[in-house]
1. So in the stretch B:102-121, with the set limited to residues that are open to solvent by less than 50 Å² (accessible area, probe 1.4 Å) and within 9 Å of chain A (Cβ to nearest Cβ), which one is modelled with the lowest pLDDT?
2. List every residue pair whose Cβ atoms sit under 6 Å apart, with the two residues 6 or more apart in sequence or on different chains, where the first one lies in the stretch A:515-534 and is touching a residue at least 40 places away in the same chain (Cβ under 8 Å) and the second, anywhere, is part of a loop (DSSP other than H, G, I, E, B) and among the charged types (D, E, K, R).
3. Across the stretch A:272-293, which residue is most open to solvent (accessible area, probe 1.4 Å) among those that are within 10 Å of another protein chain (Cβ to nearest Cβ) and not in a helix (DSSP H, G or I)?
4. Among A:D415, A:D384, which is the only one that is open to solvent by 10 Å² or more (accessible area, probe 1.4 Å) and away from ligand 2 (no atom under 16 Å from the Cβ)?
5. Give me a count of the residues in the stretch A:418-432 that are more than 8 Å from ligand 2 (Cβ to nearest atom) and open to solvent by 30 Å² or more (accessible area, probe 1.4 Å).
6. Only one of these conditions is not met by A:K37: (1) within 16 Å of ligand 1 (Cβ to nearest atom); (2) within 11 Å of chain B (Cβ to nearest Cβ); (3) crowded, with 19+ Cβ neighbours inside 10 Å. Which number is it?
7. Within the stretch B:122-141, work out how many residues are more than 16 Å from A:P157 (Cα to Cα) and more than 10 Å from chain A (Cβ to nearest Cβ).
Amino acid sequence: MYRYDQYDQAIVDARVAEFSDQVARRLAGEISEDEFKPLRLTNGLYLQLHAYMLRVAIPYGTMDSRQMRMLAHIARTYDRGYGHFTTRQNIQYNWIKLEDSPAILADLASVEMHAIQTSGNCIRNISSDQFAGAAADEVADPRVWAEMLRQWSTFHPEFSYLPRKFKIAVIAADEDRAAMRLHDIGIQLVTQDGVVGARVFVGGGMGRTPMVAPEIVPFVRREDFLATMEACLRVYNRHGRRDNIYKARIKILVHDLGAAEYARQVEEELVAVKALGIDPPAAEWERIERFFAMPEGLAPKASLALDGKAGSAFAHWRARNTRPHKVAGHVSVTISLKPVGGIPGDATAEQIDVMADLAQRYSHDELRVTHSQNIVLPHVAESDLPAIYDALVAAELADANIDLVSDIIACPGLDYCSLANARSIPVAQKIAQRFADAERQRDIGELKLKISGCINACGHHHAGHIGILGVDRKGTENYQLLLGGSGAEDASLGKIMGPGFDEDGVVDAVEKVVERYRTLRSDGERFLDTYRRVGMEPFKEAVYG
Amino acid sequence: MVELRFRTDEAPEQPAVTLDAFLDQSNATAVRLEPDDEPRALLPHLDRIALIEIAFPKFRDGRGYSSARILREAGYAGELRAEGDVLVDQIGFMRRCGFDSFAPARPLDMAAVERALERFAHVYQPAADGAVPVWKLRHGG
Ligand code: HEM
Ligand code: SF4
């Protein structure tokens, strides 16, 4: 894992001092809320329906146990005892007091964390594959490139007042576990003639005009990587639309120019930028790479046999919530934050502490946050799985539902969010309850269900195999159903099925769609595969009759 | 009005003209760029320019940062002024992009500006101000 040196620490500490100064000026009435707003926003502090919300950056979703415990401490000390893990691999606290925020940032800085650029029209926290460093299919550890981007983008003087927010994801395998092409810039590490480089996609995103990013640069070597990023951003900063907030994302620019013309402009800008020497030397790449080496002592081991426990709760959990590791005898464990009836992505301070303890004891002191709002223990010996499972059962964290219908992504919705049309959390809870029968869920198989409370799409509804979108219809909450989206390597955008539903109606509709799938599927087909084969009609018929 | 200037030479006296006027008029030495003006149109003329004023009608409009860097990258060494909605907490970034004079529409709290400019001892990326990025310091800068 990356560790701060004196320079990283000095920069984050200076930021805490700066924000304390700004909050003091605000509390003393020296600056207006209007002037303060952009300052608090670049420190992750939003004003929401009931209180301030603080979003803490978890760079590429990676943490150690000490950092995870600090998140529990903040939940306990400054919030109501819980936190909410987000689709961008961050954590949010919903009940924060403005006057506490400098102390929270100071606590975070003491464990090499911050809330820098977690909101505002700047380059946001970089996201990545939650199995980075552990997945057998990666060509390199994407976090090395993500950390390079983190440093380059932090307080970037030219790109802190972009037309709109800017999100970057880095992956390093063909299987896309980070919705890479639904980001403003998506990077896939690939090899060419034995050299690792970046394949760069630009102009994806969700929101009201969802788009899958086209490829803009097929291969960039690391010595030109930051110059290329700088050129991509400069073209956007200069020419992205600023007249209409709904058309300000880079996806609109790339779409309006056409991918080929945008690529040409980037290439032209690159000629100017390359001369500036902004790319760090090989020694810096190697320094960062060393932090992401396989943890010491993680050596091949014999696999764990099931000893006649087939069909047990443990066996189901192991089958569903673990995946193979690069190193024999190891797995990565995904801990579900989606208990039936719970709030997707929420964890209590006690649960956060339990996960931190497990990481320290069993996962070489590492944790990851996934974009599906779950937590991963990346480096676990199979022989430790029974002990981990027992600890998770005791902490009510042992749901065996990863990628099943109850592993729902949901945005905060009308319960917290001032932009919402409709509630998301109660819909997620009702759907999970409807499908509470574990055997039925397993039989249905992989089904990604995603819910947003409005068109901003924080809950990724466009990318759900089944998506639910809250809309406002004459002052009452109404939900539209979308089918056929995917945020994976086969990225696609869901299509709206037809007229919307009320809260209970949408739960019924989801069930009808799922049951129709069960009658239509052929061997081994996931819901998404069946939908792609048969199209919308049979599902429409099942729902509307 | 210029409130803050980081140059020791005489301040240019000629009023800044619009980009179109400048390109028409061969004797102008001061020019003003609006956010959507093309800074590269000035590149053939940099030698005779003493002042480029870049307009910030709204602080949220960050195009002027790119304009400034493009001009500095091309070797422009004259005065580069930020004019308009220029606030305390933007001045640090503007300095890094090459601005060396500031004409804010509303007066600045100079004590706060001073604190802001001294706050960050280190930077992650090279820009137009010559600050040494930490990756260079790490490897024997
Ligand atoms: C509760 C306060 C929140 C507010 C006010 C808010 C606001 C917004 C807005 C306005 C957009 C649309 C931006 C655009 O299209 O240009 C957006 C997009 C998004 N937000 Fe949120 N959000 C909130 C919470 C969250 C949470 C909790 C998450 C993570 C679970 C999240 C993740 C996202 C994502 C992934 C997008 C889509 C990015 C894209 O368009 O490409 N947001 N949000
Ligand atoms: S999708 Fe809409 S309702 Fe949900 S969090 Fe985002 S802005 Fe709020």
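1. Applying the filter and picking the extreme gives B:A112.
2. A:R526/A:E446
3. So, considering only residues that are within 10 Å of another protein chain (Cβ to nearest Cβ) and not in a helix (DSSP H, G or I), the one most open to solvent (accessible area, probe 1.4 Å) is A:A275.
4. Just a single option satisfies the conditions, and that option is A:D384.
5. Counting residues in the stretch A:418-432 that are more than 8 Å from ligand 2 (Cβ to nearest atom) and open to solvent by 30 Å² or more (accessible area, probe 1.4 Å) gives 3.
6. (3)
7. The total comes to 1.
Here is a yes/no grid of residues against (1) away from ligand 1 (no atom under 12 Å from the Cβ); (2) in contact (Cβ under 8 Å) with a residue 24 or more places away in the chain; (3) away from chain B (no Cβ under 14 Å):
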| residue | (1), (2), (3) |
| --- | --- |
| A:L385 | yes, yes, yes |
| A:D390 | yes, no, yes |
| A:L397 | yes, yes, yes |
| A:I402 | yes, yes, yes |
| A:L419 | no, yes, yes |
| A:I425 | no, yes, yes |
| A:K430 | yes, yes, yes |
| A:D443 | yes, yes, yes |
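The values are calculated or read from the model by the stated rules, or taken from the named source; none is laboratory data. If you're wondering where the values come from, they're calculated on a predicted model, not measured in any experiment. Every residue, glycine among them, receives a Cβ derived from its backbone with ideal geometry; neighbour counts consider all protein chains shown. Keep in mind that these areas ignore ligands, DNA and RNA; they rest on the heavy atoms of the full protein, side chains included. Shrake-Rupley method; radii C 1.70, N 1.55, O 1.52, S 1.80 Å.
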